[in-house]
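Each reported figure results from applying straightforward, stated rules to the coordinates on display, with no laboratory input. Remember, it's a predicted structure, so these values are computed and weren't measured experimentally. Here Cβ is always computed from backbone atoms with ideal geometry, including for glycine, and neighbour counts include all displayed protein chains.
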Amino acid sequence: METLVRILFVLLGIVSVLFILITVIFGSKSDVMSGGSSQIRTTYKGKAGFDDFVSKLTLYMGIAFMALCVLINIIQTRWL
């Protein structure tokens, strides 16, 4: 069981590093220009672009991070 926990910790480390890199490197460009600007926003969205892909990837990485944390916690409290 200890090897499973170690493998899960390695996966958690990889997911954590990727999550941080995606967030820092490919952060949303709209966050920078959102303060104080008088831009007109519309609800129309054309083709899904790179920002949409990064947004979905960030969501999935966050879900994977939380799932791994919960799984490691359950394994450590019940079986170790």
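How charged is the neighbourhood of Ile22? Take every other residue with its Cβ under 13 Å from the Cβ of Ile22, and add Lys/Arg as +1 and Asp/Glu as -1. Summing Lys/Arg as +1 and Asp/Glu as -1 gives 0. Residues whose amide H comes within less than 5 Å of that of Phe26, counting only those at least five positions distant or on another chain, are absent (H built at 1.01 Å from N in the peptide plane). Listed values for segment 50-65 are Karplus-derived 3J(HN,Hα) couplings in whole Hz (6.51 cos²θ - 1.76 cosθ + 1.60, θ = phi - 60°), namely 5, 4, 5, 5, 5, 5, 5, 4, 4, 4, 5, 5, x, 5, 5, 4, and x replaces Gly and Pro.
Please give me the summed charge of the neighbours of Gln76: other residues whose Cβ is under 13 Å from its Cβ, Lys and Arg +1, Asp and Glu -1. Please report the intermediate quantities before stating the final value.
Values: positive: Arg6, Arg78; negative: Glu2.
Net local charge, Gln76 excluded: +1.
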